[in-house]
Amino acid sequence: MTRQMSWIALIGTFMIAAAFGIAVLREPARQAEAAAALNTALIAEGTDVYAENCAACHGANGEGIAAYPPLTTAVSMDAQMIYNTIERGRYNTGMAAFGVDEGGIFTGMQIQSLVTMLQADTWDTVAARVAELGLTPPQIVVAEIPAETIALVETLPDGAPLSVGLTVYAENCAACHGANGEGSTLAPALNTDELRVRLSDADIARTITDGVPGTLMSSWSSALDAAQQQAVVTLIGRWGELNAAGVSLPTIEAAPLDMSPQAVANGQRLFDLLCTQCHGIDGYGSPIAPALNNQTFLSTTPDAAIQAIIAGGVMGTVMPAWSGYLTDADIAAITAYLRSLQPTAPIVAPAQP
């Protein structure tokens, strides 16, 4: 080897060593950039998964809807616990098991993307994406409380907690138990002398916190904080005072059944928004819930029964009660849409992948 070649080899060796050293020095930054890019991608995918599958129950902003808990606290929760909840569901609640190994529809990567999104605390972006996709849930049906009614309640002895309890009740309980606690086909009456004698405040508090197994009464411990729960307990125990003072809320009026083409179209929109996550596109079913678009179901299930199932849910399954979430007109419209499928529905639903 000549002296010139030796110098070339030495310079080449130094250049390789320098390049290697630079690469080593840049590796932490490169890995950090790659991790940030992966995190961004996971958040984007998780946002879409959430919008299409979770917003209907947990809200566009993760605020929770009715008894479905808020998810805005997930940022401080253990990631593995969140993953397990999504994958396996929660026993005796409306939370289904979404992992494919548990009979659900989410892959492990989709669940991980949801976990990443939930802990990123980017709810403004999530809500915007939900709205962009046209998946923002409809507003909850609540009993309206006139300002003069609140003023009247607050003039009663120790009326402040009664006022709070009435407001919480109107926003969360009236859709099932009636505007004035008179009860309905979905839930028992709460405004009765018999109940006030039979149940103590502790009994009522326990029912709100734990729910009632085998009924439509879910646990409200995640949706209402301790002060709100206590306010409802106070209201139920002292409702007789409101009756004596002539306090009542306007009854939530049920809209008449409408089978017009417009109602069918509205029902399809609501079905696509709220029901396809479990019952599949066009109602052909999924691993989570049965098919509805078939003669077996439609020919043996009257309209009233379909509406009752939508309103009250099906205990022992992941079918939730939608009565506090949809108006009677919305429920009737979904029923009309399902009934419109009957003339062309198959005898049984086609096999789904």
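The values are calculated or read from the model by the stated rules, or taken from the named source; none is laboratory data. Since this is a predicted model, take the numbers as computed values, not measurements. Positions of Cβ are generated from backbone atoms using ideal geometry, with glycine treated the same way; all protein chains shown enter the neighbour counts. Protein only, heavy atoms only, side chains kept; ligands, DNA and RNA dropped before computing areas. Shrake-Rupley method; radii C 1.70, N 1.55, O 1.52, S 1.80 Å.
Touching a residue at least 60 places away in the same chain (Cβ under 8 Å), surrounded by 21 or more Cβ atoms within 10 Å (Cβ to Cβ) and of a type outside the set (A, V, I, L, M, F, W, C), is that true of Gly89? Considered against the rule, which asks whether it is touching a residue at least 60 places away in the same chain (Cβ under 8 Å), surrounded by 21 or more Cβ atoms within 10 Å (Cβ to Cβ) and of a type outside the set (A, V, I, L, M, F, W, C), Gly89 comes out as no. Pairing each residue of the stretch 183-203 that is without any contact (Cβ under 8 Å) to a residue 12 or more places away in the chain and at positive phi with any residue that is assigned to a loop (DSSP other than H, G, I, E, B) and not basic (Lys, Arg), provided the two are 6+ apart or on different chains, yields C-beta distances under 7 Å for Gly183/Ala189. Among the residues of the stretch 8-19, not a single one is surrounded by 16 or more Cβ atoms within 10 Å (Cβ to Cβ), modelled with pLDDT of 70 or more, in a helix (DSSP H, G or I) and not hydrophobic (A, V, I, L, M, F, W, C).
Among the residues of the stretch 266-296, those that are part of a helix (DSSP H, G or I), free of Cβ contacts under 8 Å to residues at least 60 places away in the same chain, open to solvent by 30 Å² or more (accessible area, probe 1.4 Å) and not hydroxyl-bearing (Ser, Thr, Tyr) comprise Arg269, Asp272, Ile281, Asp282, Gln295. With respect to the conditions (1) in contact with a Pro (Cβ under 8 Å, 6 or more places away or on another chain); (2) surrounded by fewer than 20 Cβ atoms within 10 Å (Cβ to Cβ), Ala179 lacks only one, and its number is (2). Looking only at residues in the stretch 168-180 that are touching a Ser or Thr at 6+ places or on another chain (Cβ under 8 Å) and in a loop (DSSP other than H, G, I, E, B), the one that is modelled with the highest pLDDT is Asn180.
Of all the listed residues (Ser248, Ser222), the sole one being part of a loop (DSSP other than H, G, I, E, B), open to solvent by 60 Å² or more (accessible area, probe 1.4 Å) and within 30 Å of His58 (Cβ to Cβ) is Ser222. Pairs are defined by a Cβ separation below 6 Å, a sequence spacing of at least 6 or placement on different chains, a first member in the stretch 34-49 that is of a type in the set (Gly, Ala, Ser), and a second member that is in a helix (DSSP H, G or I) and crowded, with 16+ Cβ neighbours inside 10 Å; the pairs so defined are Gly46/Ser113; Gly46/Leu114; Gly46/Thr116; Gly46/Met117. Pairing each residue of the stretch 302-314 that is farther than 22 Å from Ala174 by Cβ with any residue that is at pLDDT 75 or above and open to solvent by 40 Å² or more (accessible area, probe 1.4 Å), provided the two are 6+ apart or on different chains, yields C-beta distances under 8 Å for Asp303/Arg339; Ile306/Arg339.
Annotation for the stretch 250-261: no member residue is modelled with pLDDT of 80 or more and either touching a helix residue (DSSP H, G or I) at 6+ places or on another chain (Cβ under 6 Å) or farther than 30 Å from Thr344 by Cβ (or both). Being out of contact with any Ser or Thr (no Cβ under 7 Å at 6 or more places or on another chain) and in contact (Cβ under 8 Å) with a residue 40 or more places away in the chain holds for only one residue in Val115, Val130, Val126, and it is Val115.
This table checks each residue for (1) open to solvent by 70 Å² or more (accessible area, probe 1.4 Å); (2) hydrophobic (A, V, I, L, M, F, W, C); (3) in a loop (DSSP other than H, G, I, E, B).
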{"position": "Asp48", "(1), (2), (3)": "no, no, no"}
{"position": "Ala51", "(1), (2), (3)": "no, yes, no"}
{"position": "Pro70", "(1), (2), (3)": "no, no, yes"}
{"position": "Ala97", "(1), (2), (3)": "no, yes, yes"}
{"position": "Gln110", "(1), (2), (3)": "no, no, no"}
{"position": "Ser113", "(1), (2), (3)": "no, no, no"}
{"position": "Thr116", "(1), (2), (3)": "no, no, no"}
{"position": "Asp124", "(1), (2), (3)": "yes, no, no"}
{"position": "Gly134", "(1), (2), (3)": "no, no, yes"}
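Do we have Val164 as among the β-branched types (Val, Ile, Thr), under 23 Å from Ile150 (Cβ atoms) and either open to solvent by less than 10 Å² (accessible area, probe 1.4 Å) or not in a helix (DSSP H, G or I) (or both) here? Taking the combined requirement at face value, the residue does not satisfy it. Among the residues of the stretch 53-67 satisfying the criterion of being in contact with a Cys (Cβ under 9 Å, 6 or more places away or on another chain) and assigned to a loop (DSSP other than H, G, I, E, B), which is surrounded by the fewest Cβ atoms within 10 Å (Cβ to Cβ)? Among those that are in contact with a Cys (Cβ under 9 Å, 6 or more places away or on another chain) and assigned to a loop (DSSP other than H, G, I, E, B), it is Gly64. Take Thr335 and decide whether it is buried (at least 17 other Cβ atoms within 10 Å of the Cβ) and more than 17 Å from Phe98 (Cα to Cα). Judged against the criteria, Thr335 is a match.
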